[in-house]
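Rule-based calculations on the coordinates, nothing more; no lab input. Note that the structure is a prediction, hence the values are computed from the model and not measured. Cβ: placed from backbone, ideal geometry, glycine included. Neighbour counts: every protein chain shown.
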Amino acid sequence: MKLFILVAVFGLSLAQHNPNFKHGRTSIVHLFEWRWADIAKECERFLGPKGFGGVQISPPNEHILVNSPYRPWWQRYQPISYKLCSRSGSESELRDMISRCNKVGVNIYVDAVINHMCGSGGGEGTHSSCGSWFSASREDFPSVPFSNLDFNDHKCHTGSEEIENYGDANQVRNCRLVGLLDLALEKDYVRGKVADFMNKLIDMGVAGFRVDATKHMWPGDLSAIYGRLHNLNTNWFSGGSRPFIFQEVIDLGGEAISSREYFHLGRVTEFKYGAKLGNVIRKWNGEKLSYTKNWGEGWGFMSNGNALVFVDNHDNQRGHGAGGASIVTFWDSRLYKMAVGYMLAHPYGVTRVMSSFRWNRNIVNGKDQNDWMGPPSYGDGSTKPVPVYSDQTCGDGWVCEHRWRQITNMVKFRNVVNGQPHSNWWDNQSNQVAFGRGNRGFIVFNNDDWNLDATLNTGMPGGTYCDVISGQKEGSRCTGKQIQVGGDGRAHFRISNQDEDPFVAIHAESKL
Ligand code: AAO
């Protein structure tokens, strides 16, 4: 019996590591600050057909409206209630989006802000996305309802009530993160409200959650909350499926709290991944692509089965959170495409692709003065729709990295090679490397300042393949470079360091 319980509990939590992707899909895209109506259309016209596994959406619940600065993106990380109206749209638009995305095989993952409510200086009134009244100074949120009994104040022992020292786990979990009112998740009542909120979304058809600020919550409290979550909706998922849980823990080492403390509960964001890959691609700190032969656990990352990986996220692309200057983003597009290509080709982790909006970046002494700027908006603060042009690009300040041909095609590459081992590694001891995924795909990078000219063993069946970076297979023709693989699996590659994109990728479905 004891063994049975152990297996049951262990099995449940391991199930929360599974993204529940449909039809062999493998990647998530974060459509940061997109409106629900636009995400629904994007699922149908692009993400479904192109093989994306899911979308991470911005927090769907009621949030504060901040006037100064005007409507920053980060207002959505300050909950006012669990009503489902936000800058991205209403509850009915959210519901419509979830079912339309599910219909085309694209999962929805909700960014769940459950550690806290708004900032202590958030004032009093109805300046909230659904118009609910609240008082930050009295810790009164009647639309949940939460009162001052539901916050951690008595448990925090710093003078400022804020986290002052990340070396002290008690502070990190019991005090306020940047002034945000810290919920008492040890209370059964609070756990119940949080679980009800998450269960409502599960019943609506979402596939899982990004859990915001996980480091700031006790694993035991989270275990109790996750334990109350329903199985996924059987209209879309097989019976007994658990919600996918990926937890935002920033662990670059050297703090009191480590990622490891959350592995039994779900996956964890691996922040070392983007920080290190940025150094490699930028060739900083003496790093070289050839050193990535043992990329993954060999680089001190968490074990593969626990990791959620990304090149940049909505915080560190603008200097929030952690990662530092090495992080590559769409602002460095040539390096960025290579970094994302590398991530998507490599078997380590569940992969998340970023999709951003542009802002007026203004870096003074290393700090972006405009790091607060919200999504493309009208004068009244409402978010603009995402226009899509006939050449597949987006307008009005929406970057749509996920629509860049090189990135879209690598999302497909990852699906095609899914389950195949890392194989046929080659490097020039500098910044030219190549590797395959069994006999299903092969990729070659040239990040050196000279040409690459090499005959390599691809492990692929002989034939002519279309490079999915410089172009793609369309019907029976190839719009990019063609690669001849001999009967022995060997192929000749030539990549100029001047190429628009100095890498080449072929896979089983790009064979002509
Ligand atoms: C806003 C204003 C604040 C105001 C507050 C309340 O900006 O001035 O006080 O409202 O009124 C986002 C924004 C915040 C914003 C907040 C609420 O980023 O600026 O505050 O919404 O509107 C920590 C957390 C991590 C968090 C990250 C930003 O651990 O969970 O800070 N990320 C999530 C979201 C994020 C959101 C929140 C949480 C809150 O993704 O968008 O905030 O819901 C160390 C620690 C990290 C810590 C960082 C930054 O990192 O390890 O845990 O992240 O510091 O404080 C090296 C180290 C590295 C270190 C880093 C930075 O790289 O190796 O470990 O330096 O020091």
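Condition check for N360 on (1) farther than 23 Å from Y109 by Cα; (2) part of a helix (DSSP H, G or I): one failure, at (2). Taking the criterion of being touching a residue at least 60 places away in the same chain (Cβ under 8 Å) and within 16 Å of the ligand (Cβ to nearest atom), the only residue of the range 282-309 that qualifies is L308.
Name the single residue, out of those in the range 443-461 being over 17 Å from H422 (Cα atoms) and hydrophobic (A, V, I, L, M, F, W, C), that is surrounded by the fewest Cβ atoms within 10 Å (Cβ to Cβ).
Residues of the range 443-461 that are over 17 Å from H422 (Cα atoms), as a first pass: 446-455.
Okay, now just the ones that are also hydrophobic (A, V, I, L, M, F, W, C), so 450, 452, 454.
Working: W450: 12, L452: 24, A454: 16.
For the range 443-461, the residue satisfying everything is W450.
Entry remark, the range 103-144: residues being buried (at least 16 other Cβ atoms within 10 Å of the Cβ) and either of a type in the set (F, W, Y) or on the phi > 0 side of the Ramachandran plot (or both) number 5 in total. Residues that are part of a loop (DSSP other than H, G, I, E, B), within 16 Å of the ligand (Cβ to nearest atom) and out of contact with any Ser or Thr (no Cβ under 9 Å at 6 or more places or on another chain) within the range 319-348 comprise G319, H320, G321, A322, G323, I327, V328, listed in sequence order. Yes or no: the range 154-164 includes at least one residue that is under 25 Å from G381 (Cα atoms), over 27 Å from the mean Cα position of the chain (by Cα), of a type in the set (A, V, I, L, M, F, W, C) and away from the ligand (no atom under 14 Å from the Cβ). Within the range 154-164 (the criterion being under 25 Å from G381 (Cα atoms), over 27 Å from the mean Cα position of the chain (by Cα), of a type in the set (A, V, I, L, M, F, W, C) and away from the ligand (no atom under 14 Å from the Cβ)), the answer is no, since none of the residues qualifies. S238 meets all of the listed conditions (1) among the small types (G, A, S); (2) in contact with a helix residue (DSSP H, G or I) (Cβ under 9 Å, 6 or more places away or on another chain); (3) closer than 28 Å to N102 by Cα but one, namely (2). Does the range 131-151 hold any residues that are more than 15 Å from the ligand (Cβ to nearest atom) and in a loop (DSSP other than H, G, I, E, B), and which are they? Matches in the range 131-151: G131, S132, W133, R138, P142, S143, V144, P145, S147. Listed by first and then second residue, the pairs linking a residue in the range 181-207 that is at positive phi to a residue that is buried (at least 20 other Cβ atoms within 10 Å of the Cβ), with Cβ atoms under 7 Å apart and 6 or more places separating them unless they lie on different chains, are G205/I98; G205/N102; G205/W236. Here's a check for you: in the range 363-373, which residue that is in a loop (DSSP other than H, G, I, E, B) and of a type outside the set (D, E) is nearest to N446 (Cα to Cα)? Taking the candidates together, the pick is G366. Scan the range 261-281 residue by residue and report those that are in a helix (DSSP H, G or I), within 16 Å of the ligand (Cβ to nearest atom) and either surrounded by 24 or more Cβ atoms within 10 Å (Cβ to Cβ) or basic (K, R) (or both). Those that are in a helix (DSSP H, G or I), within 16 Å of the ligand (Cβ to nearest atom) and either surrounded by 24 or more Cβ atoms within 10 Å (Cβ to Cβ) or basic (K, R) (or both): Y262, F271, K272, Y273, G274, K276, L277, G278.
The selection criterion, being surrounded by 13 or more Cβ atoms within 10 Å (Cβ to Cβ) and hydrophobic (A, V, I, L, M, F, W, C), does not hold for V364.
Restricted to the range 37-126, the set of strands (runs of 3 or more DSSP E) holding at least 1 residues that are away from the ligand (no atom under 14 Å from the Cβ) and either of a type in the set (A, V, I, L, M, F, W, C) or under 18 Å from the mean Cα position of the chain (by Cα) (or both) comprises 54-57, 107-112. Checked against (1) part of a strand (DSSP E or B); (2) surrounded by 22 or more Cβ atoms within 10 Å (Cβ to Cβ), T464 meets all criteria but (2). Within the option set V364, V411, being in contact with a Leu (Cβ under 8 Å, 6 or more places away or on another chain) and β-branched (V, I, T) holds for one residue only, V411.
If a residue must be of a type in the set (S, T, Y), free of Cβ contacts under 8 Å to residues at least 40 places away in the same chain, loosely packed, with under 14 Cβ neighbours inside 10 Å and touching a strand residue (DSSP E or B) at 6+ places or on another chain (Cβ under 9 Å), how many such residues does the range 467-502 contain? Result for the range 467-502: 1.
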